[in-house]
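S.K.: Have a look at this one before I ask anything.
The values are calculated or read from the model by the stated rules, or taken from the named source; none is laboratory data. Please read all numbers here as calculations on a predicted model, not as lab measurements. Quick reminder, even Gly has a Cβ in these numbers, built from the backbone with ideal geometry, and neighbours come from all protein chains shown. Side chains are part of the model used for accessible areas, which takes the heavy atoms of the whole protein and leaves out ligands, DNA and RNA. Shrake-Rupley method; radii C 1.70, N 1.55, O 1.52, S 1.80 Å.
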Amino acid sequence: MLLAQISDTHIALPGQNSGGVAPMAQNLAACVDSLNRLTTGPDLVVVSGDLTETGTAGEVAHAAQILSRLDCPWYVVPGNHDDRQTLWDALGGTACPTREDGFLNFVLADLPLRIIGLDSTIPGEPGGALCAARATWLRARLEEAAGAPVVIVLHHPPLRLGVPETDIDGFANAADLAEIVTDFPNIERLLCGHIHRETHSRWHGSVVTTAPSPGMQLT
C-alpha cells in the first residue's frame with residue numbers, strides 16, 4: 001500500500017495568495033499533477049491539517065476543487081488554521097468521514113494499513129492537544145485494530161522539533177499520547193504537519209514524521 005501525505009496547504013480564496021505572498025493553490029495543483037503522473041501512484045492521500053488559510057467555506061471549496069483532481073481518494077484532518085464545522089459542512093462523510101463528539105476523528109479500516117485520523121486542534125489556539133475524550137477514543141480504536149499495523153494522522157507533532165514558532169505553540173497532554181503509543185507497538189508511524197518542514201523522529205517506540213508545506217517554509 002502506498003500512502004501520500006500533503007500538509008499545510010493554506011489555501012486562500014481564488015485569486016489570493018496565502019499570507020499575501022505564497023501561491024499555494026498553484027503549488028497544490030502542481031503537487032496533485034505530480035502525484036497523478038507517478039507510474040505507481042498512491043492508493044490514497046492524507047492531508048495533515050491547515051488545508052485553509054483562515055478556515056472559510058470559500059477556501060475549503062477552493063482546496064477541494066484542486067484535490068478532487070487526484071486519481072485516488074483523499075482525507076483531511078483539521079489544523080489550527082481550519083475550522084471544524086466548516087470542514088464538516090463541506091467534506092463531512094467524504095474527506096472528513098466521521099465526527100466523534102465534535103472532533104473530526106476517523107478510521108479507515110478496510111485497508112492493508114489501518115489509518116486513524118486524529119483531530120489535535122484546540123479552537124482558537126495555535127497549539128495541539130489530546131484531551132481525555134480523544135485519548136479514550138484513540139485507545140478504543142487501537143484496541144479494535146487487534147495488532148494490525150496502524151498509521152495515525154494528526155496536525156500537531158507531539159514533541160519539540162526546533163522550529164521556535166511551533167515549539168512555543170506546544171502540545172497539551174503529549175505525555176498521554178506518548179503512553180498510548182508505548183502501549184500499542186503496532187503504531188508504525190505518526191504523520192504530522194504544522195512545522196512546515198520534513199523531519200523524522202524516533203518517539204516512544206514509533207516514528208513521528210512531519211511533512212513540508214508546499215510553498216511556505218518555517219525556519
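S.K.: Just wondering, is there one or more residues in the stretch 131-143 that are out of contact with any Ser or Thr (no Cβ under 8 Å at 6 or more places or on another chain), modelled with pLDDT under 95 and of a type in the set (A, V, I, L, M, F, W, C)?
M.R.: There is no residue in the stretch 131-143 that is out of contact with any Ser or Thr (no Cβ under 8 Å at 6 or more places or on another chain), modelled with pLDDT under 95 and of a type in the set (A, V, I, L, M, F, W, C).
S.K.: Within the stretch 82-121, take every residue that is at pLDDT 95 or above and among the charged types (D, E, K, R) and give me the one that is farthest from T56 (Cα to Cα).
M.R.: R114
S.K.: Assess whether G92 counts as being more than 16 Å from the chain's Cα centre (by Cα), of a type outside the set (V, I, T), over 28 Å from H204 (Cα atoms) and open to solvent by less than 40 Å² (accessible area, probe 1.4 Å).
M.R.: No; evaluated as a whole, the condition is false for this residue.
S.K.: Now for a different question. Just one of (1) in a loop (DSSP other than H, G, I, E, B); (2) more than 25 Å from A95 (Cα to Cα) trips up A148, so point out which.
M.R.: Status for A148: all satisfied but (2).
S.K.: For the stretch 17-50, what are the residues that are among the hydroxyl-bearing types (S, T, Y) and in contact (Cβ under 8 Å) with a residue 24 or more places away in the chain?
M.R.: S18, T40, S48
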